[in-house]
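The values are calculated or read from the model by the stated rules, or taken from the named source; none is laboratory data. Keep in mind that this is a model prediction, so the values were computed, not measured. Here the Cβ positions follow ideal geometry from the backbone for every residue, glycine too, while neighbour counts run over all protein chains shown. When the accessible area is computed, the model is the full protein with side chains, heavy atoms only, and any ligands, DNA or RNA have been set aside. Shrake-Rupley method; radii C 1.70, N 1.55, O 1.52, S 1.80 Å.
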Amino acid sequence: MREAAPAFAEDPALALEQAFRRIETERMRDVPILNPALAVRALGFRRGSEGWLGVLLTPWCMNLMLLPAEGTAWRSLPPGDKRSVAFPGGEFEFIAGHEAAIGEFHSCSLFSPVFEFSDQDAACETARAALEALFTAEPAGPSGEAQPAIIEGLQPRQAMSKRDFLRGEFLRPRAP
């Protein structure tokens, strides 16, 4: 039987980077989908009611990552199971995974593979823009209230549809 997911008291970015650097050197070393211009990097992790959320960039993918946080009601799932998480920018499907070094995590693919990025800076900028777009509020409902962000400190800006998010519209300049 699998152990319960450990909850992170502090930002899990360093643990995530260490685990995925090890995966890169041990399991992904000669896989042809690696972009040599990219390195493993965990960006923008914030704690919210669902746990720690941020972006994991690797030479083979860019994923939204959700990890358990102390004091939250983490919804543990067997590896491969899916769950939907609602954000102001729309609802996204996450897949449960497990790595010995970090425990359980839920991921949502943004890019895989990541050949469209010519350098680390462009990939990191895209990751930050994706997080910002995730917390862009959908238009207010009948009550007039926008959807609240599940990550503390992030405020919605202008509306963007899920379709536009997935098409990469968050990368294009928008009128104020």
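Working note: Karplus 6.51/-1.76/1.60 with θ = phi - 60° gives region 93-108 the couplings 8, 10, 10, 6, x, 8, 10, 3, 6, 10, x, 6, 8, 10, 10, 10 Hz, where Gly and Pro are set to x. Packing, as the average of other Cβ atoms within 10 Å across residues, places the peptides 61-69, 40-48, 82-90, 20-28 in the order 61-69, 40-48, 82-90, 20-28, highest first. As a size descriptor, the averaged projected area of the C-alpha convex hull of region 37-76 was calculated at 3.1 nm².
Of the residues Glu116, Glu10, the one with the largest accessible area comes first in the ranking Glu10, Glu116, computed with a 1.4 Å probe on protein heavy atoms.
Using a simple spin-label model with pseudo-atoms 7 Å out from Cα toward Cβ, Ala122 and Glu26 lie 3.2 nm apart. Considering the dipole of region 10-127 built from charges on the beta carbon (Lys and Arg +1, Asp and Glu -1) around the Cα centre, which of Phe105, Gly89, Pro36 is farthest to its positive end? The residue sitting most towards the positive pole is Phe105. With the whole protein complex present, Ser112 retains an accessible surface near 80 Å², based on a 1.4 Å probe. Stokes-Einstein diffusion for region 1-75, with the hydrodynamic radius set to the Kirkwood value over Cα pairs and evaluated at 10 °C in a medium of 1.306 mPa s, equals 120 µm²/s.
Working from the Cα coordinates of region 1-132, the gyration tensor eigenvalues give, after taking √(5λ), semi-axes of 23, 17, 13 Å in decreasing order.
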